[in-house]
Amino acid sequence: MEVRALALARSAAWLLIPLVGLGGVAYAQEAPGDDPELTPPRVVESVDPAYPESELESRRAPTVTLHVTLDETGAVREAHVDDSAGEAFDEAALAAVRQWRFEPARRGGEPIPARIRVAVRFSLPDFGSPVEPLDGPDEHPVEGVDGTGPGPGPGDGPGPGDGDGPGPGDGPGPADDDGSAPDAEPTTEPAAAPVEGRDAAPEAPSGDEPDEADRGLGVSAEIQREQAEHPRSASEHTIDRGVLESAPRREAGDLLQTVPGMFAARAEGDAVGHRLMLRGFDAEHGQDIELTVEGVPINLPSHIHGQGYADLSFVLPEVVRALRVVEGVYDPSQGDFAVAGSIDFRLGVGEDRRGITSQTSYGSFHTFRQLLMWAPENEPEGTFGAAAYRRTDGFGEARRGESGSAILSLALGDRPWRARLFGVAHGARASLAGVLRVDDIDAGRVGFLDQYDDPTASQQSALNARFLFGASVEHRGAQGMRTRATVWTSYDDFRIQENFTGYTQRSMVMPEWVGRGDLIEQRNETVSFGLRGEHRTSEYRLADWLHGFFELGLAARVDVIEQRQNLLEAPQNETWDNRVDASITGADVGAWLDLDWHLTDYVRVRGGVRGDALYYDVDDRLGNFIPAYRRETYILGFRRTAFGFAVGPRASVEVRPLEPLSLMVAYGEGYRSPQARQLVDGERAPFTKVRSGDLGFRLTVGDDRQLVLSGSAYYTHLSDDIVFEPRQGRLEPVGPSTRMGGVLYAQAKPLPWLTGALSVTYVHATLDEPPPASAEDPTPSFEEGALLPFVPPWVIRADVGARHALFELDGHPFTGRVGVGFSFLSPRPLPYGQFADPVALLDAQVSASWRWITLGVEAYNLFDSRWAASEFFFVSNWRPSAPQTRIPARHISAGAPLTILATLGVTL
Amino acid sequence: MRRVATLALLFLAGCGDTGQDRVTFPVHGAGTGEASFEADDGWTVTLERADVALGPIYFCATPFADLDVCPRAEAELLEVGAVDALDETPQMLGTAEAITGTSRSAMMDYGIGWLLPEPRPRAFDGAPRGHSAVFRVVATREDATLTVDAAVDIAPRNAGANAVIGVPTGTHDITGEESLTVRLDPAAWWARVGFEALAATDEDMDGAVTLAPGDRAYEALVIAMTSGTLPTFEWAD
C-alpha cells in the first residue's frame, strides 16, 4: 500500500509573506489506490527547515529523506533519517518536520496512526535557489493509497502545482542533538506504526527491515513542496536572485533586463522611469506592463507623462529577491496595464546577506552611492530595512542627478496568521540632456552625449517623489484554504521640464506669443488608495481524478490626480502657455473567479473570468478652450464623467505527458484603462482590449532544476494602441495592433556555484488599422500592415554568474565572484523606412569577499558602445536661426557609455 | 554581399517596413520666357531683370497648405536660391527632403522669412540683394519710355508662418524619382501694375521710377506674387 503525495520542500529561505501572495499549492500526484476505505494523511501545517549556516559555503542542495510516524491526531510522534545528507542537513530537516501537523490518516472515517516518508529538499537560500512562490496554501495533501509497495523515492515526479511559500515567522524548530526525537519509538516496531493498509495492515509489518516495515505499515508517502509558483503558460517565469545577481545591476529597473523579451533603459535621467520594451511592446514608461512591488500596483493611471507611468527607482535592487513574470494575460488576477504582461518585484533579504551592511560605490562621472541595509539575523527574510543615497554628474552634458530611497519591511506572525508591512520613501531630481536630432549629430552640430547649446535645452530637468505603504494579512486554513487581504496607499509627485521639439510651438492662450521655446512643463500628483482580497477554498475532491480549488478575488483602487502642462520660456521659466489643468478622480473595482483543477495526473485546467468597472470624474479646467479669435461666450472649463466595464476570460491547460515536460496552451483577455482626460462626457470608457494567446512547453531537468527550458509561440492583439506624441509630450492613439512571435528561455544551474539564464525573443509587430487620413493629417505616418516602429524584432539576453570559495585565509573562505550580462537588440524599425542601429551591451562584475568585507568592480557597457536609449521621429526645430524644417526627423537620447564603479561592502 | 546584408537586415528587422520612406528630389526654378507684354493701357512692357528668391518651400498633403492644417510637411526645400525669372531654363535651387506621400499644395517664402524666435522678418542668404525680388522693367508707349526699378520684399505676416500659402502643386505622389520645376511668371505679375498711373508718379520726368513699399504699383506686385499669379509646380519623373 502506498500513499504518494508530492510537494517540494523548500528550505532555508523561508521567504517573506508577500503582500499579495503566499505559499503555493502542494501538488498532489495521486498514486493508484484501490482501498476506498483508506484516506492518507494530509499536511495541514508545515515549517520550513533552515538551510544550515555551516553548509552555506558548500552550496549544496541535498535532499534528506525521513521516516515520520504520525499518531491518530496527526501529530508527529517520531521522525528519523532514512537517507542522510549530512548531520547539519539531517538536523535541520528533523527539526522542521517535527513541527509539522497533519490531518491523520483514516480508515473508514476513523483516524489511525500512519507512517510516511518525507523527502525534504534543501535549496540554497538565495544563490541559485528557486523562488519562493506567492500563491498557494501550505497544506499538502497526501493522497493516493496503494498497498503494493513503498512510495517513490525523493525526487519522484512532482506534478504540476503551485509552489508554496513559507512565510516569515517560520523558523526551524528545536533539533535534537542526535537528530532523532527523544520520545520516538523504534520505527520498525509494529505498535508504533499501526496504520493499516488495505492489504497488509491487519497483519502488521512483516519484518524488522525498515522497507519491509514500510510495506507492512501499508502507508508510505513522499511529501515535497513545489519550489515555485506553477506557471499557467510557458511565458510565465520566476527569476530568482541567482539570476538577478549574476550581472551587475545599478537599480531595480536593471533587474528587468533579465525578463525574457525585455529591454529597459533610462532615457530621461535618474528622476524619470525607465523606458520599457517587452515582447513587441514599446511599453514607454509602463503603459503595457502591470508592474507591482509585493503585489502593490506601481503603474499610475492617467499620468500626464504617459498612461500607466511607472518609476521603479524606489526599489533598491539589493532587496529584490525575485521577479515574478507573467507575459501575456492568462491569470484572472492580472489587472489594469497587463497588456504585454505583469511583473511583480518580490522583496526579501536572504539568510546569507543578513546583518548590517554598508556598501559604498564610487566611479565614473563622479558617481557615488551609499547603501545601508539592516536585516536582523534570525528574522524572516521579509524583515529588513534599507536606505540608499546616490549622486552623479552623469555622462555627457546635463545629466547630474541625486536620489535617495528608503524601504522598511516587517514580516510578522506565524501560521496560520501572518502579516506583512512595508513602506517606501523616495525622492530624486535630475537634469535632462534631452533628445538630439541625428542629422545634427551627423553634421557635428552637437555631440552624441551633449546637449543643445540653448537656454530652453539647458532648463530640462525632472523631479520625482514617491511614498508608499502597504499591509497585508493572511490566514491559512485546512486543505489549502487561504484568505488574504491587502491595503495600500501611495503618493506620487512628478514634475518634468522637457523640450523635444526646440522651437515650433505657438501659445494657445496668446497666439501672438511664439518662438519662446517648446519647454514643456508637466506636473502630476497622484494620491492612491487600494485594497485587494483573495479567498481560496479548501480543495474539492469530486473524484480521485478530479479535484481542485476555487478562488475569488477583489481589487479596488481610487486615484486622485492633479495634473498640469504648460510651456515655459527659459531661462526664467516664465509660463507662456497653458495646455492642461485638470483634476481627475478615477476608481477601478475588479473582481475575478479563478479555478484550478486537476483532471487526472496529467491534465491541469486553470482559469476563470475577471471584470473591472472603471469610473472617472474629470474637471478639465482648460476644456472647451476659447481661441483668441473667438468671442468669449462661455466660461472656460469642461467637467465630465465616464464609466466603463471590462470583462474577459482567462484560461490555461497544462498537459504533462512526461514528468519533466509540460505542454501548455493559454488564452486570455485583458485591458488597459483609458487616459481619463481624453474621455468625453458620458462616454463608455473605451478600454484597450488585449487578446493574448500562448502555446508552449516547459522542460525541467535535474532534481535541483539544473535546467529549466521553456519555449512559446504567442499572439497578442490590441484594440487600441498608443504611441508617444512628442509635440504634446504624451501618448496618443494609433489604432489596433497585432504581435506574433516566439520566446525561448532557459535557466540553468549546472553546478552549485554557476548560474545562467538565456532568452531569445522574436516578434513581428504590425499596425492593423491606423487612424485614417483626416483634414489635420491627410497622410498619417502609420499605414495598415506597417511594422510597429521602435519595437526590436529580436531581443536576446544572457546572464551568467559564478560564485565560489577559492581558498581559505586565516580559517575563513575567500570567495570570488564573476558575472556578465549581455543584451542585444536587433535593428529597430523606425518610421519612414529607416532602421535604428542594433544595440549590443555587455555588463560585467567581479568581486571578492572574505569574512565581513567585500570588494567589487562593476562595468556597464564594457565595449563602450554608442547606443540610443530611445529613438523618436517627429518635427523639431533646433536651429532657430535657419529656415525651420517641418518634416519628421530622427531623434535619439543617448545611452550611457562605459561606466565603471568600485564597491566596498561591509557586513556585520 | 550586399544582398546578403540586406537579407540579414530584413531578418533581424523582422521582415517588413514601417510604411513611408524618406526620399529626396531636386527642385529647380524657372521663368516662363515671356519678357514682354502689352499692358491694357497701351504701354509695351519689357522685363529686363527679374531675379526672384525662392524658398523655403513646404509641400503639404492638404488641399490648402497652411501652418494650421499642415504643421508637418511631406517635403521641404530649405535652401533659398535666386531664380532668373526671365530664363525659362530650369535652374537648380536645391534638393528637397521628403517622405513618400502625396503633395497637393505648398506654402513658401520669397527669400524672406520670419523665424519663430526672432522679432521681425529677415532675408535669408540667397535672396538677391537681400530682397524677395529685384526687377527692372522698361515700359514704352509712343515716344515715352519709363524705366521702373523695384526691389520687392515679401515677408510673412506672423512669426513662424510663410508669406505664400495654399499654392496648388497638383496632386503628386512623391516617390523620390521625380524632379520639380517651380515656374514663375514675372510678366503676369507686372501686368497687374498700372503703368499709366506709374508714369504719373515720375515727378522729375526723368523717365525712371523706383518703387517703394506703400506705392500702389509695389503693393500690386506683392499681391500678384502672393495670390494673383502664383508659381506653378511642374513635376517630372
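Each value in this text was obtained by applying a stated rule to the coordinates, not by laboratory testing. The shown structure was predicted, so the numbers you read here are calculated from the model rather than taken from an experiment. Cβ coordinates were reconstructed from backbone atoms using ideal geometry, including for glycine residues, and neighbour counts include every protein chain displayed.
Data overview
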read-out	value
Per-peptide average of other Cβ atoms within 10 Å, ordering A:674-686, A:92-104, B:22-34 highest first	A:92-104, B:22-34, A:674-686
Rg/Rg_ref, the stretch A:772-883, where Rg_ref = 2.2 N^0.38 Å and atoms are Cα	1.79
Among A:620-628, A:853-861, the order from most to least packed when residues are scored by Cβ within 10 Å on average	A:853-861, A:620-628
Cα Rg over Rh - the stretch A:224-314, Kirkwood	0.99
Label-point separation in nm, B:Asp143 to A:Leu661, each point 7 Å along Cα→Cβ	11.4 nm
Estimated inter-spin distance, A:Asp442 and A:Glu632, nm [label 7 Å along Cα→Cβ]	4.9 nm
With 5 Å bins from 0: P(r) over the stretch A:547-626, alpha-carbon pairs, percent	3, 11, 13, 11, 10, 9, 8, 8, 6, 6, 5, 4, 3, 2, 0
Other protein chain Cβ atoms within 10 Å, averaged over every residue that makes up B:63-73	4
FRET E, pair A:Trp852, A:Trp417, Förster distance 35 Å, beta-carbon r, rounded to 0.05	0.45
Using a Förster distance of 30 Å, the FRET efficiency for A:Glu783-A:Asp837 (Cβ separation, nearest 0.05)	0.80
³J(HN,Hα) computed for each position of the stretch B:125-138 - Karplus, 6.51 cos²θ - 1.76 cosθ + 1.60, integer Hz, glycine/proline x	4, x, 6, x, 6, x, 10, 5, 7, 10, 10, 9, 10, 10
Residues B:Gln91 and B:Thr46, FRET efficiency given R0 of 22 Å [Cβ-Cβ distance, rounded to 0.05]	0.55
GNM result for chain B, Cα springs below 10 Å: residue of B:Asp204, B:Asp87, B:Asp153 fluctuating most strongly	B:Asp204
With Cα atoms, 0 to 90° folded angle of helix B:2-12 axis to chain B main axis	70 degrees
Difference of contour (0.36 nm per residue) and Cα-Cα distance, A:Asp703 to A:Asn624	21.8 nm
Mean Cα-pair separation over length for the stretch B:38-128, i.e. relative contact order, pairs under 8 Å, 6 or more apart, %	34 percent
Label point distance in nm, A:Asp681-A:Leu904, each placed 7 Å from Cα along Cα→Cβ	6.7 nm
Anisotropy class of the stretch B:92-237 from Cα gyration tensor, a/c 1.5 cut	prolate
Relative contact order (%) - the stretch A:292-358, alpha-carbon pairs under 8 angstrom, separation at least six	35 percent
Relative contact order (percent, whole number), the stretch A:367-522, Cα cutoff 8 Å, 6+ residue spacing	17 percent
